[in-house]
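The values are calculated or read from the model by the stated rules, or taken from the named source; none is laboratory data. Keep in mind it's a predicted model, so treat the numbers as computed, not measured. Glycine gets a Cβ as well: all are built from the backbone with ideal geometry, and neighbour counts include every protein chain shown.
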Amino acid sequence: MTWVFVVFAAALLGYAVVSRRLSGSIVTAPMVFLAAGIASGVAIVDLQLAPGAAGLELLAEATLTVVLFSDASRIDLARLRLGRALPVRLLGIGLPLTIVLGALLALVVAPGFLVLEAAIVAICLAPTDAALGQAVVSDERIPVRIRQGLNVESGLNDGICVPLLVIALALASSEAGEVTVGDALRIVVEQIGWGVAAGVGAGALGAILVRSAIGSGSTGKAGARLAATGTALLAYGLAVALGGSAFIAAFVAGLLYGILLRAAAHDPDESTGFVEDLGALLGAATFLIFGAAVVVPYMGQVGPSHLILAILFLTVVRMAPVALAMVGSGAGPVTIGFVGWFGPRGLASIVFAIIVLHDGAELPMARDIILTIALTVLISIVAHGLTAGPLARRYATWFDATRSGRPGLMEGADVPDQRPRSQM
């Protein structure tokens, strides 16, 4: 484990000193840390990291907690309402269809899956991670409506999928005979109910204290950033203590924190910078550990069904629901294809897989669930990383050439932008 830490520190230092040069290339941060993890997993023979280990679970929980809080706090509802058309379509139509289609194809390709196991795979692979194709949401030549749609989708879909995963795992445990149906329903209600309550309490308390401190001048930027971090940790701690979902709590707390600060004319981005940087750091560690503890020991067990499912999840399962969601939107085929392709699977799927290892280890097809998720993420990191920059440039060129002859182009609508998640 000590050598893994050394490898991570070296990778972090190495990436940091060349990050500016890499930002315009096809090499992304997830690719760098994944490669470092694979290298360490191969080189360190006595690597003592099991995917279900408590340390790995803690890392996963901490990562998703801060990322959910940070993502939710960035959502400006006033701006979102003005540019809601595309995000509403992607989240309200595309996301449910992605889960349903993914579950159905999992049942067809891997007949050994139980219905709830297929649903778990689909839920884990439904969230997108815009950071894997950062060029798409940060290139200002891309129409703001498209950038915002993909950015908001990525920021919200993992929070939406958390309660669905809680429900699916509870019901799957009931089906496997570990708990009764009544116990499963009680777990679901407690996880969601206490998670929301903890999030509301922590988010409101943190925002009120920060507003008051800024107004009275009793704290500065550094103090406000620590307070935002404390709010995210408080949401996590309260949820765990009460028996709720820490992830739901973090998402609700971040959303409420941002709303209350904006209501007082304070920009929450000024106080959440440290939370976002912490999320990027933990995310980098998660990708490295994913490479060392999952890719290296598990990829040798991949079978044809896992590969087929991975390819389907990155293509048909993403692109067909997006195409259906965009019907009537006025978007052209090029835009539909572009939005459909850029649905990378990354951090949220990795963390969800670790949760499944911990909470669903007794499921008959647990190993196949993990293999499918891991292979999908691995392919996505490489495929979307390599294609983000080139396809973003080609799409921007197409848009520039097209909008002059079509002034009413859907893609050209002027909508307020949402700040994307910063790069690692």
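At-a-glance table
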{"item": "Candidate set from segment 107-121 (those that are surrounded by 24 or more Cβ atoms within 10 Å (Cβ to Cβ) and in contact (Cβ under 8 Å) with a residue 60 or more places away in the chain); member that is farthest from Ile350 (Cα to Cα)", "result": "Phe113"}
{"item": "Filter result (free of Cβ contacts under 8 Å to residues at least 24 places away in the same chain and crowded, with 18+ Cβ neighbours inside 10 Å) within segment 82-106", "result": "Ala103"}
{"item": "Filtered residue count, segment 74-101, keeping only those that are part of a helix (DSSP H, G or I), at pLDDT below 85 and either more than 18 Å from the chain's Cα centre (by Cα) or not charged (D, E, K, R) (or both)", "result": "7"}
{"item": "Condition broken by Leu391, with the remaining ones in (1) at pLDDT below 90; (2) under 18 Å from Arg147 (Cβ atoms) satisfied", "result": "(1)"}
{"item": "Residues (aromatic (Phe, Trp, Tyr) and crowded, with 24+ Cβ neighbours inside 10 Å) located in segment 339-383", "result": "Phe342, Phe352"}
{"item": "Of all residues in segment 39-70 being modelled with pLDDT under 85 and within 16 Å of the chain's Cα centre (by Cα), the one that is surrounded by the most Cβ atoms within 10 Å (Cβ to Cβ)", "result": "Ala60"}
{"item": "First in segment 199-216 and surrounded by 20 or more Cβ atoms within 10 Å (Cβ to Cβ), second anywhere and not in a helix (DSSP H, G or I), Cβ under 8 Å, 6 or more apart", "result": "Val210/Thr219; Val210/His266; Val210/Ser271; Ile214/His266"}
{"item": "1 or more residues within 24 Å of the chain's Cα centre (by Cα) and more than 30 Å from Ala9 (Cα to Cα): qualifying helices (runs of 4 or more DSSP H) within segment 175-294", "result": "181-216, 221-242, 246-263"}
{"item": "Selection within segment 377-396 - touching a residue at least 12 places away in the same chain (Cβ under 8 Å) and not hydrophobic (A, V, I, L, M, F, W, C)", "result": "Ser380, His384, Gly385, Thr387, Gly389, Pro390, Arg393, Tyr395"}
{"item": "Residues satisfying the stated conditions in segment 250-277, i.e. of a type in the set (A, V, I, L, M) and at pLDDT 80 or above", "result": "Ala250, Val252, Ala253, Leu255, Leu256, Ile259, Leu260, Leu261, Ala263, Ala264, Val275"}
{"item": "From the options Ala310, Ala293, Ala320, Ala325, residue that is touching a Pro at 6+ places or on another chain (Cβ under 7 Å) and in contact (Cβ under 8 Å) with a residue 60 or more places away in the chain", "result": "Ala293"}
{"item": "Residue, farthest from the chain's Cα centre (by Cα), within segment 296-332, restricted to residues that are surrounded by 18 or more Cβ atoms within 10 Å (Cβ to Cβ) and in a loop (DSSP other than H, G, I, E, B)", "result": "Ala331"}
{"item": "Thr335 vs. criteria at pLDDT 95 or above and either assigned to a loop (DSSP other than H, G, I, E, B) or of a type in the set (S, T, N, Q) (or both)", "result": "no"}
{"item": "Some residue of segment 129-152 being touching a residue at least 60 places away in the same chain (Cβ under 8 Å), at negative phi, not in a helix (DSSP H, G or I) and not charged (D, E, K, R)", "result": "yes"}
{"item": "Residue match in segment 162-169 (condition: in contact with a Cys (Cβ under 8 Å, 6 or more places away or on another chain), buried (at least 23 other Cβ atoms within 10 Å of the Cβ) and not β-branched (Val, Ile, Thr))", "result": "yes"}
{"item": "Subset of segment 1-38 that is touching a residue at least 40 places away in the same chain (Cβ under 8 Å) and β-branched (Val, Ile, Thr) - its residue that is surrounded by the most Cβ atoms within 10 Å (Cβ to Cβ)", "result": "Thr28"}
